[in-house]
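What follows is calculated from the coordinates using simple rules that are stated; it is not laboratory data. Here the structure is a predicted model, which is why all the values come from computation and not from measurement. Backbone-built Cβ (ideal geometry, glycine too); neighbour counts: all protein chains shown.
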Amino acid sequence: MTRSPRRIATGLTALAVAVTGTAVFVEAPSQAAGGHALNGTFKLTPGSYSGGKAHGTWFRMIISGSAKKKAYLPNPDSKSKDKTYTLGRPGTDGGLATGRFQPSPSPAFGAKGNALASKIIKPQPFTAINFSVATLKVDPQSKKTVAVTSASVNGRKLTVRMPGYTAQWNGQSFNQGAPKPDGSGSVATGTYNAKTKHFVLTWTSKISGGPFNGYSGYWHLEGTFKAR
Amino acid sequence: MGSFNSPTAPGARANRWALIAIALIGLGLALAPVAFKMFDRGPKGAAMMADFKPFMTDARLAGFQQHIKDINAAVHQGHGRVAVALEGHGAAAHKRFDAKYPSFAQFAKDWPPINSDMSGLLTKIQANAGNYRAVAALPSFKLFPGFFVIPGAIVFLFALGAAFAPRSWPKLRWAFVVLGVGLVLAPIAFQMFSRAPKGGRMMTAFKTIETRQKVQTIQSYFSTIAVGQGSLRLEIVPALQRKGLSAKQIDARFPAVATLDRRWIEILNDMTPMIGAMSDNVENYQAIRSLPPFPLFPWFFVIPGVLFVALAFVPGRRSPRPAAHAAVAGPLTTPS
């Protein structure tokens, strides 16, 4: 039985496509897994500040150009004593969900630029204009379609991938994904107690473009995981 | 190309060196965008022009100046009459005010250089709004490479045609003339002689503005202003209210503070996108900056255009007429 070189080439190409395709599909869940997957919602504990420390859910914006000591952009509207912390309160979904996007409504902003997304956290004033977060399927900055939020736990180590995590403020969207839609940056990591379901999740995500270009968001989510 | 002076071709022939020069100039014109990386830089320039467009109107720029004036007035009033109203007259009272409202005190201290820098920067941008509009009225930067490649490639191909088909010269000569005249007229039609130097002036003026360092400085101003305004809005105005002043009374006694409070969101809505546009276009600006100076651009069309016309009229060799050829050849070939 003889085969023409063209047939062999076609067959090899098809095989290569099939192998690559399979690798892509196998790779996606295994990257998220790295232990066992957590499917559900990371219910957030409201942020608070006491004893010189922030607790629960909060966010800080790191100003670029800081060397040894990090400098943060203060938010005068923060309820925290230390105004560099913006405290978060759980939104209508109670927190960050895996396996689905938590988009902002349409339109995403009110007339004065206030962010209206309220599923993950409630909108919070940031220098007089409300900011909020959403997980978006298409990153508004890079226009890339991103993977849905996924989480895995390995022992006590929690890993969350959420490239679509986006902060919105003053009519503008800033990707705060972990990793970023282009794959740069790192995943969000933290701890998870399988018995109590208590979790702490942190990540840093650089802001690319816009008025805060070069700054980084530091996110600290804390609460209790609720499986779906 | 050895055939274009073929003695068998009838009619006028191209001058060999003129045709080589035309081909080389055409090739140079076609390759200029590659040499100047215009395919990469042109779209970046177009992106910058598009991003700046919403901010480069006289009304918007005047609005930015007004924002700075409003902030300046509120800082002075806040650190002056408001401080007196809250803590009384004298240095000790002022010290008390600064201690009670450290964020605002710091803002009042940081503000004068910010005011000076931002006012100067906005004046510079405002002064170049006309220059910006002149550049914006030119065809898009995206199209610029095509303006070189298309005529350059046509000229080069026609020159090759003339070289390999010498009989086509009488017609192709006129094609070179038309293309040359077109290249000379294009900058005139697009008013490049007046607009390109204006673009050059804008690029020079923005040299100190569109840098990463300057943008970071402006970003830090935003932080300072936001914190200071926050103190005014969330600490000082409420303190006045606790003193028994109604919103109406605050408005009447401290109009500058009330105005900033009222306009703050509008100011943020207006100014943060501008900072964003400045930040997003640092690399785009640098890309255009790396192009040859704007005032030279019209000449990149006019000089080759004039040369094409001139070279098309360089006299070539004229082939001898068949009858004359026979008459001359006859006696030489006839044995006596």
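Here are a few things to note about the model shown:
- Within a straight-line Cα-Cα reach of under 19 Å, B:Lys37 can be paired with the following aspartates and glutamates, leaving aside sequence neighbours fewer than 8 residues apart in one chain: B:Glu283.
- Mean separation of Cα pairs under 8 Å and 6 or more residues apart, divided by the residue count, gives the range A:101-144 a relative contact order of 38 percent.
- Phi-based couplings in Hz for the range B:164-172 (Karplus 6.51, -1.76, 1.60; Gly and Pro marked x): 8, 10, x, 5, 7, 3, x, 7, 5
- Taking max minus min of the alpha-carbon positions on each principal axis, the range A:99-168 gives extents of 45, 26, 17 Å, largest first.
- Simple spin-label estimate for A:His36 and B:Trp299 gives 7.6 nm between the two label positions (7 Å along the Cα-to-Cβ direction from each Cα).
- The range A:78-160, dipole about Cα centre (Lys/Arg Cβ +1, Asp/Glu Cβ -1), debye to the nearest 20: 120 debye
- Annotation: amide H-H contacts under 5 Å for A:Lys112 (H modelled 1.01 Å from N, sequence separation of 5 or more, or interchain): none.
- Gyration tensor verdict on the protein assembly as shown (Cα atoms; rounded if a/c is under 1.5, prolate if a/b is larger than b/c, oblate otherwise): oblate
- Directionally averaged shadow of the range A:64-123, computed from the convex hull of its alpha-carbon atoms, nm²: 6.3 nm²
- The spread of Cα positions in the range B:1-131, taken along each principal axis and listed from longest to shortest, comes to 107, 25, 19 Å.
- Most mobile listed residue (B:Glu87, B:Glu210, B:Glu283) in chain B, GNM with C-alpha springs under 10 Å: B:Glu87
- Calculated P(r) of the range A:45-95 - Cα pairs past 17 Å, %: 40 percent
- Trypsin sites (Lys or Arg not before Pro) restricted to DSSP loop in the range A:177-224 with at most 13 other C-beta within 10 Å: A:Lys195
- For the range B:151-215, the dipole from Cβ point charges (+1 on Lys and Arg, -1 on Asp and Glu) about the Cα centre works out to 180 debye, to the nearest 20.
- Based on alpha carbons, the Rg and Dmax found for the range B:252-301 are 20.2, 64 Å.
- Using θ = phi - 60° and Karplus 6.51 cos²θ - 1.76 cosθ + 1.60, couplings along the range A:109-125 (whole Hz; Gly, Pro as x): 10, x, 4, 9, x, 5, 6, 10, 4, 9, 7, 7, 10, 7, x, 10, x
- Counting only lysines at least 8 places from A:Lys197 when in the same chain, those with an alpha carbon closer than 28 Å to its own are A:Lys43, A:Lys53, A:Lys79, A:Lys119, A:Lys122, A:Lys137, A:Lys157, A:Lys180, A:Lys226.
- Most mobile listed residue (B:Leu311, B:Leu122, B:Leu86) in chain B, GNM with C-alpha springs under 10 Å: B:Leu86
- Surface/4 of the Cα convex hull for the range B:83-235, nm²: 13.5 nm²
- Filtered trypsin sites (Lys or Arg not before Pro), the range B:212-314: DSSP coil and at most 14 other beta carbons within 10 Å: B:Lys243
- Cut-off under 5 Å, modelled amide H: who pairs with A:Gly40 long-range: A:Thr98, A:Arg228
- When the listed pairs A:Lys69/B:Lys100; A:Lys206/B:Lys142; B:Lys124/B:Lys198 are checked against a 20 Å cut-off, the alpha-carbon distance exceeds it for A:Lys69/B:Lys100; A:Lys206/B:Lys142.
- Value of relative contact order over chain B, rounded to a whole percent, pairs C-alpha under 8 Å and six or more apart: 39 percent
- Projecting the Cα atoms of A:Thr159, A:Phe174, A:Phe212 onto the charge dipole of the range A:127-228 (Cβ charges, centred on the Cα centre) puts A:Thr159 farthest toward the positive pole.
- Selected from B:Ala137, B:Ala175, B:Thr272, residue furthest toward positive end of dipole (chain B; charges at beta carbon): B:Ala175
- Efficiency of FRET from Cβ geometry, A:Val200 and A:Phe101, R₀ 30 Å, rounded to 0.05: 0.80
- Each Lys and Arg contributes +1 and each Asp and Glu -1, all at the Cβ; summed about the Cα centre of the range A:104-213, the dipole is approximately 320 debye.
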